[in-house]
1. Order of 78-91, 7-20 by packing, highest average Cβ count within 10 Å first?
2. Tell me, what ³J(HN,Hα) does each residue in the range 50-66 have, in order and in whole Hz, if you take phi through Karplus 6.51 cos²θ - 1.76 cosθ + 1.60 with θ = phi - 60° and put x for Gly and Pro?
3. Below 8 Å, C-alpha to C-alpha, sequence gap of six or more: please give me the relative contact order for the chain in percent.
4. Can you give the accessible area of GLU26, probe radius 1.4 Å, in Å² rounded to 10?
5. At 222 nm, what value in deg cm²/dmol follows for the chain if DSSP H runs of at least 4 each add -39500 (n - 2.57) and the sum is divided by all its residues, to the nearest 500?
6. Which distance in nm do the two modelled labels at PHE32 and ASP54 give, with both placed 7 Å along the Cα-to-Cβ direction?
7. Report, by chain and number, residues whose modeled amide H sits under 5 Å from the one on ILE66, excluding near sequence neighbours (fewer than 5 apart, same chain).
8. Would you work out the charge dipole size for the chain about its Cα centre, treating the Cβ of every Lys and Arg as +1 and the Cβ of every Asp and Glu as -1, and quote it to the nearest 20 debye?
Amino acid sequence: LELPGEMKSRHIRNRFHADRLRPYLENDDTLFPGREAKFYYDYGTPEDEEWYVDAITGHAWQGRRISFNVQWSLGDTTWEPYEHCKDLAALDEYLALHGVSDWRKLAR
């Protein structure tokens, strides 16, 4: 099968079991104007896409260790340990919002 570039770039194989194949039916613009089939497939984020930290939105202590809830520019949030966040300007802003200059003084 000839796959679209988005699928090839994500290493989706061009071989499928025959039971999985269906005939291609072109979009009917009178029923669904302007609809593109690839719009409905989520191919994920390209590997070369850069993620930026928008903000740190929370923190949680686990014993003596602290993690921060990081809001990423592409919309995801993840919990990251202090070691991953220590050099971020977003951490400085988060600490300032809490009125502390050192992460060890954050409320438990």
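The values are calculated or read from the model by the stated rules, or taken from the named source; none is laboratory data. Since this is a predicted model, take the numbers as computed values, not measurements. Glycine also receives a Cβ, built like all others from the backbone with ideal geometry; neighbour counts cover every protein chain displayed. Accessible surface areas use protein heavy atoms only, side chains included; no ligands, DNA or RNA. Shrake-Rupley method; radii C 1.70, N 1.55, O 1.52, S 1.80 Å.
1. My ranking of the peptides, most packed first, is 78-91, 7-20.
2. With coefficients 6.51, -1.76 and 1.60, one gets 8, 9, 10, 7, 7, 6, 9, 10, x, 9, 8, 8, 10, x, 9, 9, 10 Hz.
3. So the answer I get is 15 percent.
4. Accessible area, nearest 10 Å²: 150 Å².
5. Helix contribution divided over all residues of the chain: -4000 deg cm²/dmol.
6. Distance between label points: 2.9 nm.
7. Those lying under 5 Å, H to H, from ILE66 are TYR82.
8. Computed about the Cα centre, the dipole is about 660 debye.
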